[in-house]
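All remarks here apply to the structure that follows.
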Amino acid sequence: MNAPVSSSLNTTAGSSAASSTQQLPADVAQPAAPPPTQIKTASTDAFLKDFTIVAEAAKRAQVAVMVRDFESCGIYAPPPPPSPHIPPRRRTTAIAIAIAIAIAIAMSAAAQDRARLQQAFAALPLAAHGPRWAALYRDAFTPWDRAGPSLALADLLAQRADLVPPAQDRDARGSPVRDAPRRTALVPGCGRGHDVLLLSSFGYDVWGLDCSADAVRMADENRRAADAEGLYAPAAAGLDKGDVRWLTGDFFDESWSAGIGTAGSGRFDLVFDYTFLCALPPEARPRWAKRMASLVHPKGRLVGLEFPSGKPLSEPGPPWGVNPEMYEALLTTPGDDLAYDADGDVICTASPQPRDDALHRLSIIKPTRTHQAGTAEDGTVLDFISVWTR
Ligand SMILES: C[S@@+](CC[C@H](N)C(=O)[O-])C[C@H]1O[C@@H](n2cnc3c(N)ncnc32)[C@H](O)[C@@H]1O
């Protein structure tokens with residue numbers, strides 16, 4: 001699930017800490033279900049006997065077909081081969097099949113990780129979510145970690161100066177103005193901090209916030225390893241890297257933002273959300289919108305890399321599905337509850353009245369590249385990237 005990482009961006013290519021074991025964290029394990037009651041009667045005995053005969057016959061037929069198929073493509077041959085030489089065509093077929101099997105195993109591991117993550121949050125009250133994320137980091141179960149920064153954000157910063165405030169003001173020749181204060185950025189729910197490091201390489205003074213102390217520790221380890229390898233170098237000539245600061249705290253708690261950000265205002269010139277909104281259960285979305293809107297500086301921008309786009313909103317998370325309509329309904333009426341239809345889609349009511357605290361969408365873009373998790377098998381990008389302003 002690692003994102004492809006462009007070397008020209010000097011981005012990190014560290015390995016994912018994801019684990020594929022199926023156990024819940026020790027302190028979040030569910031009580032074992034009681035064994036199913038055995039009900040046995042004469043008629044079920046007869047049925048089971050018939051069923052066993054049919055199943056055995058089906059198994060034999062299946063094995064016969066598999067042996068025939070394997071023989072025909074050179075995977076299986078009853079007598080031992082007379083020489084170790086494998087004809088090239090057979091070798092190619094065998095390699096293709098081995099690759100297909102490896103892909104199937106990896107896909108099944110990813111599906112198991114998704115199921116384990118959803119199970120960890122099933123029916124969990126919101127107040128228990130923070131400790132649950134922390135427990136998952138403690139257990140080194142982090143299947144959401146992409147092992148690298150969001151290339152869709154890198155492209156936006158590099159190519160769409162019209163949409164995002166520059167980290168440093170520039171003079172008439174386009175050079176960063178020396179000694180001008182750097183603009184600030186915030187990544188809530190930063191995890192191992194890949195996007196924090198990316199924003200710093202574009203010159204922003206960045207704060208990475210996470211409720212898990214282990215995530216923040218891992219983020220700082222990630223930063224030190226990246227520094228040692230010379231990754232996340234300044235993204236443009238003449239640009240200084242911005243400062244990086246980590247915070248452990250609850251996004252919804254107002255205390256962590258006091259006195260930081262742009263001129264100590266508790267607000268930021270650029271706030272980036274990737275896999276944070278989708279990590280919150282639906283009932284927390286209005287509070288997410290209200291807090292987000294309060295964290296964006298009056299001249300600032302919120303950038304959302306919208307994932308998972310296309311997942312029905314009615315399906316369980318995390319990650320819970322998102323879509324552009326949901327972002328718009330949330331951010332134009334921060335703090336207000338949304339109404340959903342049976343599919344989980346937002347019911348759009350009349351246009352909201354203009355509000356001082358609302359954010360408005362400046363642009364919505366289908367990025368040309370994004371994480372593998374936001375890309376369909378045929379290479380189609382599923383994510384959107386949206387930019388919001390006051
Ligand atoms: C799905 S993970 C995404 C992490 C990161 N954005 C990434 O791309 O790797 C969601 C993150 O949000 C953090 N988180 C969840 N609820 C939070 C809260 N209320 N305050 C701060 N962080 C929170 C979790 O600890 C976790 O690191």
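Cα convex hull of segment 137-389: mean projected area in nm², to one decimal?
14.4 nm²
Starting with the fewest neighbours, write out Leu199, Leu247 ranked by other beta-carbon atoms found within 10 Å of each beta-carbon.
Least to most surrounded, the residues fall as Leu247, Leu199.
How big is the Kirkwood radius of segment 157-227, worked out from every pair of different alpha carbons and given in Å to one decimal? Don't jump to the answer; show the numbers that get you there.
Details: mean 1/r = 0.0754 Å⁻¹.
Evaluated on segment 157-227, it is 13.3 Å.
For each of Asp162, Asp220, count neighbouring Cβ atoms within 10 Å of the residue's Cβ, then give the residues from fewest to most. Don't jump to the answer; show the numbers that get you there.
Working: Asp162 8, Asp220 15.
By the 10 Å Cβ count, ascending: Asp162, Asp220.
So, by mean Cβ neighbours within 10 angstrom, what's the order for 274-285, 181-192 with the highest one leading?
In decreasing order of mean packing, 274-285, 181-192 become 181-192, 274-285.
Would you list Arg89, Arg173 from fewest to most Cβ contacts within 10 Å?
Arg173, Arg89
Please enumerate, by chain and number, the aspartates and glutamates with C-alpha under 12 Å from the C-alpha of Lys299, excluding those fewer than 8 residues away in the same chain.
Here the aspartates and glutamates satisfying the reach criterion relative to Lys299 are Asp269.
Grab the beta carbon distance between Trp256 and Asp169, set R0 = 35 Å, and tell me the FRET efficiency rounded to 0.05.
In this case the efficiency is close to 0.80.
Fully extended, how many nm does the chain gain between Leu126 and Tyr340 (0.36 nm per residue separation, minus their Cα-Cα distance)?
Extra length available between Leu126 and Tyr340 comes to 75.1 nm.
Quote the Stokes-Einstein diffusion coefficient, in whole µm² s⁻¹, for segment 202-341, based on the Kirkwood radius over alpha carbon pairs, a temperature of 10 °C and a viscosity of 1.306 mPa s.
95 µm²/s
Restricting the count to DSSP beta bridges whose residues both fall in segment 137-389, what percent are antiparallel, rounded to a multiple of 5?
Looking only at bridges with both residues in segment 137-389, the antiparallel portion is about 40 percent.
Charges only on Cβ, +1 for Lys and Arg, -1 for Asp and Glu: so what's the dipole of segment 137-389 about the Cα centre, in debye to the nearest 20? Walk me through the numbers on the way to the answer.
Values: 26 positive and 37 negative charges, 165 e Å.
Roughly 800 debye for segment 137-389.
Only the coordinates and a few stated rules stand behind these numbers; no lab work does. Keep in mind that this is a model prediction, so the values were computed, not measured. For neighbour counting, all protein chains shown are included, and Cβ atoms are generated from backbone atoms with ideal geometry for every residue, glycine included.
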